[in-house]
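Here the structure is laid out as structure tokens; the discussion comes afterwards.
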Amino acid sequence: MKTADPGVRKDSRRPRFPHRQTTLVGCAHVTALLLLTGVCLAPGLSRAADERVAIERGQYLVHAGGCLTCHTADRPDAIPLAGGRALETPFGTYYTPNLTPDAATGLGAWTKADIGRALRDGVAPDGSYYYPVFPYPAYTGLSDSDVAAIAAFLRNLKPVRQVIPDHEIPWYLSNRVVMWGWNLLNFTPGRYAPDASRNAAWNRGAYLVRHLGHCGECHTPRNALGGLDRTQELAGNPGGPDGEKIPDITQDKTSGIGNWSEDEIVLFLEYGVLPDGDFAGSSMSDVISDNTAKLTTEDRLAIAAYLKALDAPDRPRP
Amino acid sequence: MRRRALPTLLACIALNVPFVAWSATAPADAIKYRKAVMSAMGAHIGAFMLINFGKVEHQDHLKAHTSALADLGAEVKVLFPAGTDTGDTDALPLIWKEQDQFKKLVTDLETSSAKLRDAAAANDKAGTMAAFKAVGEACKGCHDRYRKADD
């Protein structure tokens, strides 16, 4: 247990250079103190920097994840992400939760792990199941780092007190345990696994379309139980949210967007302009403003690459 | 004389308003005209995009399309007279209930389409893109709230 510090070990030098030795010991102390301070502070500082990077990335991901569109009330003065929008579905009217960290009405008491569990497993901190109007069946594919960044961003929001009304749902859904059964039939948890046979743009597009952007939640038709019919991926849904008819965005040249070039898809996602010069209205208008217009051009190109590689669904023609 | 001025004016207003409304275009034709102008704007946007994003080489046509868009953009404010909320139209009655909000978007279109024309004329690429984005915001904003979704 001998120390290597010369100022402490070399006792024989003490009488000869008493002054110098004091200085040496002093220097050692100061150095140790500085080192100690550095050791304690440096990770703290870099943690703070990491956190800032995560929050910034989380903001991008919250846009790409379309969180704003549903979790912001439908009023001109609504505070983003403070919830309260009524979502009308064939299975009742759902009011979106407040995602700001307000202790009483928002996510104030949530840990980052709670946020991850809600996003990817569809389970609330109290263990109850979410209704699939919340797209956890899509978010389940999110990577660990994306979930951490989203959580960092949400935790850093300014808390907003906003009481959210109770869902107006049919009696048979009032017990959330029903969702356990629904999940068994319709929900496959699991992270996105890149397809090695495809290029990076396609894989990024698949991650954005299938998981983070959850395009299929509106554009893929549903079965009688409200689960997505994955054999008809993005083939349109005549009974979409708010009773809207959601278009087919497969490569079908008649009903879908088979005639759109990749550039036209990118322009649509950025500006909302259709190849014929019309501008999207309806719910896609909000998706463009809140989500796809905020993406990098690379991400829009990735979405286009994925959509162009999508087959027209095999189904009977009218 | 002065005493009679106000009642006369009021009488004129009272008589003229229904007269003007009665003599105005048939609502069905006003709706057809509205659709024609909207289609024309869409066609100019379509042509603008093909040129602006380098798909066709008709740079010299850019001015024609952006000028037309600015002219038509300024016309939109008169395309929604009272009585054109029903019939063969996708315009929602909300337009006539939220006139202030609606007019704001229509004014945004007028302003942004004028900027688009000016930026394109000045060969200002960044300005053109920014103005095009603003035109899109006005179009989308209106279509989102005031146009019936596809059914």
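Since every read-out is calculated from the coordinates, none of them should be taken as a lab result. In this text the structure is predicted, and so the values were computed from the model without any measurement. Positions of Cβ are backbone-derived with ideal geometry, glycine not excepted, and every protein chain shown enters the neighbour counts.
Points worth noting:
- Cross-link reach is defined here as a Cα-Cα straight distance under 20 Å, omitting same-chain residues fewer than 8 places apart; for A:K308 the lysines meeting it are A:K253, B:K55.
- Remark on A:S255: its backbone amide H falls under 5 Å from none of the residues 5 or more positions apart or on other chains, H modelled at 1.01 Å from N.
- Model label sites at A:A224 and A:K308, defined 7 Å from Cα along the beta-carbon direction, differ in position by 4.1 nm.
- Length added when fully stretched, B:D60-B:D29, from 0.36 nm per residue minus Cα-Cα: 7.7 nm
- By the rule of a C-alpha distance below 29 Å, with chain neighbours fewer than 8 residues away ignored, the lysines paired with A:K112 are A:K158, A:K294.
- With the cut-off at under 19 Å, measuring from each backbone N in segment A:140-167 to a point 7 Å along the Cα-to-Cβ line of A:Y192 picks out A:140-153.
- Applying 1/(1 + (r/R0)^6) with r as the Cβ-Cβ distance of B:T107 and A:D166 and R0 = 35 angstrom yields a FRET efficiency of 0.30.
- For segment A:220-236, Karplus couplings with θ = phi - 60° (6.51, -1.76, 1.60), whole Hz, Gly/Pro x: 9, x, 10, 7, 4, 8, x, x, 6, 8, 5, 6, 10, 3, 6, 7, x
- Shape annotation for segment A:209-318: C-alpha extents along the principal axes are 36, 26, 26 Å, from largest to smallest.
- Taken residue by residue and averaged, Cβ atoms of other chains lying within 10 Å of the Cβ of B:134-143 number 6.
- Neighbourhood charge, 15 Å Cβ-Cβ cut-off, centred on B:K35 and excluding it, Lys, Arg +1 and Asp, Glu -1: -3
- Net length gained if the chain between A:S128 and A:K245 were fully extended (0.36 nm per residue, minus Cα distance): 39.0 nm
- Cβ-Cβ distance of A:D77 and B:D124, R₀ of 60 Å, FRET efficiency by 1/(1 + (r/R0)^6): the value works out to about 0.95.
- C-alpha center-to-center spacing [segment B:41-86, segment A:245-318] in angstrom: 22 Å
- For B:A119, the shell of other residues with beta-carbons less than 13 Å away shows a net charge of +3, using +1 for Lys and Arg and -1 for Asp and Glu.
- Note, ³J(HN,Hα) from phi for segment B:50-59, Karplus 6.51, -1.76, 1.60, rounded to Hz, x at Gly and Pro: 4, 6, 5, 9, x, 7, 10, 9, 10, 3
- Under the combined filter of DSSP loop state and at most 15 neighbouring Cβ atoms within 10 Å, segment B:64-139 retains these GluC sites (Glu not before Pro): B:E98.
- Taking a point 7 Å from the Cα of A:A48 along the Cα-to-Cβ direction, the residues of segment A:156-195 with backbone N closer than 17 Å to it are A:156.
- Long-range amide H partners of A:T89 with built H, under 5 Å: A:Y94
- B:D71/B:Q99 FRET efficiency (R0 25 Å; Cβ-Cβ; nearest 0.05): 0.60
- Computed magnitude of the charge dipole of segment A:154-259 (debye, nearest 20; Cβ of K, R +1, Cβ of D, E -1): 520 debye
- Amide hydrogen proximity for A:N237: with H placed 1.01 Å from N in the peptide plane, the residues at 5 or more positions away or on another chain lying under 5 Å are A:I246.
- Out-of-range pairs (alpha-carbon distance over 20 Å; input B:K32/B:K115; B:K35/B:K115; B:K63/B:K125; B:K77/B:K115; B:K32/B:K97; B:K103/B:K140): B:K32/B:K115; B:K35/B:K115; B:K32/B:K97
- For segment B:50-151, the list of trypsin sites (Lys or Arg not before Pro) that fall in a loop by DSSP and count at most 13 other C-beta atoms within 10 angstrom reads B:K55, B:K148.
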